[in-house]
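Pasting a structure here, questions to come.
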Amino acid sequence: IGVFYCDLRGAIRESNPKFRQLTGYTGHELASMTALDLTHPDDRADDVELSQRLIRGDIPMYRRQKRYVVKDGRTVWIQTTVTVLRDGHGSPQRLVGVVEDITEHLKLLDAERARESAEAANRAKSDFLSRMSHELRTPLNAMLGFAQLLELDRTRPLNTKQLEWTGQIRQAGWHLLHMINDTL
């Protein structure tokens with residue numbers, strides 16, 4: 001866990017080794033920087049507003065996820081908790097930040113969400129195929145069955161042309177049934 005102290009303007013005054021390792025900067029380099037210098041430009045406005053509220057005493061601390069741009073140019077996601085240290089009279093003296101790199105944790109969460117999404121899509125596909133199989137096979141089986149019944153009816157035998165037509169119905173029906181089976 002990285003820890004840093006900064007003055008009320010955000011200038012970094014002290015940092016622990018883990019914070020320096022996380023940012024890639026030496027203690028000397030950090031001493032010439034502000035906390036906002038490390039913060040991704042899109043996240044700075046929220047930090048300014050939260051720090052002002054903290055110094056005014058509107059909030060006792062804040063915790064948030066944001067991005068740092070570290071020395072080598074990479075963007076890392078961090079979870080930070082910032083509080084203000086006050087003197088005996090309640091006047092703010094300096095800010096203390098506790099920082100944890102959560103980049104890998106967020107990547108893992110993204111991968112988990114992607115896996116859950118893929119599983120949901122697979123379930124939806126399976127449900128669709130199951131329903132479509134039922135919806136297609138039911139009338140198709142009826143068509144094939146009635147075509148066979150027509151061919152087998154000896155009380156009213158079909159003429160040659162009608163037998164050809166029922167043969168075509170059966171052939172097309174079996175072809176469709178095999179296509180459905182292959183698709184599933």
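On the basis of being of a type in the set (Asp, Glu), modelled with pLDDT under 95 and surrounded by 12 or more Cβ atoms within 10 Å (Cβ to Cβ), does residue 47 make the cut?
The answer is yes for residue 47.
Residue-by-condition table, conditions (1) of a type in the set (Ser, Thr, Tyr); (2) under 26 Å from the mean Cα position of the chain (by Cα); (3) closer than 30 Å to residue 24 by Cβ:
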{"residue": "92", "(1), (2), (3)": "no, no, yes"}
{"residue": "96", "(1), (2), (3)": "no, no, yes"}
{"residue": "106", "(1), (2), (3)": "no, yes, yes"}
{"residue": "112", "(1), (2), (3)": "no, yes, yes"}
{"residue": "125", "(1), (2), (3)": "no, yes, no"}
{"residue": "130", "(1), (2), (3)": "yes, no, no"}
{"residue": "135", "(1), (2), (3)": "no, no, no"}
{"residue": "140", "(1), (2), (3)": "no, no, no"}
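Then there is this: Restricting to helices (runs of 4 or more DSSP H) lying wholly in region 1-80: which have 2 or more residues that are acidic (Asp, Glu) and over 19 Å from residue 104 (Cα atoms)? Walk me through how you get there before you give the answer.
Working: elements: 17-23, 27-30, 35-38, 44-56.
Filter on region 1-80 gives 44-56.
Then there's this: Please state which one of 43, 7 is closer than 16 Å to residue 96 by Cβ and of a type in the set (Asp, Glu).
Just a single option satisfies the conditions, and that option is 7.
Give the residues of region 60-104 that are under 20 Å from residue 23 (Cβ atoms), without any contact (Cβ under 8 Å) to a residue 12 or more places away in the chain and open to solvent by 70 Å² or more (accessible area, probe 1.4 Å), sorted by residue number.
74, 104
Would a scan of region 114-128 turn up a residue that is of a type outside the set (A, V, I, L, M, F, W, C), closer than 30 Å to residue 20 by Cα and open to solvent by 60 Å² or more (accessible area, probe 1.4 Å)? Give the derivation first.
Pass one, region 114-128, residues of a type outside the set (A, V, I, L, M, F, W, C): 115-117, 119, 122-123, 125-127.
Remaining after also requiring closer than 30 Å to residue 20 by Cα: none.
No: zero hits.
Every residue in region 46-56 that is without any contact (Cβ under 8 Å) to a residue 40 or more places away in the chain and either within 11 Å of residue 82 (Cβ to Cβ) or touching a strand residue (DSSP E or B) at 6+ places or on another chain (Cβ under 8 Å) (or both), please.
46, 47, 50, 53, listed by residue number.
Within the set of pairs 6+ apart or on separate chains, which have a first residue in region 137-150 that is closer than 15 Å to residue 171 by Cα, a second that is hydroxyl-bearing (Ser, Thr, Tyr), and C-beta atoms under 6 Å apart?
147/166; 150/166
The values are calculated or read from the model by the stated rules, or taken from the named source; none is laboratory data. For clarity, every value in this text was computed on a predicted model and none was experimentally measured. Cβ coordinates were reconstructed from backbone atoms using ideal geometry, including for glycine residues, and neighbour counts include every protein chain displayed. Just so you know, the surface numbers come from the protein's heavy atoms only, side chains and all, with ligands and any DNA or RNA stripped out. Shrake-Rupley method; radii C 1.70, N 1.55, O 1.52, S 1.80 Å.
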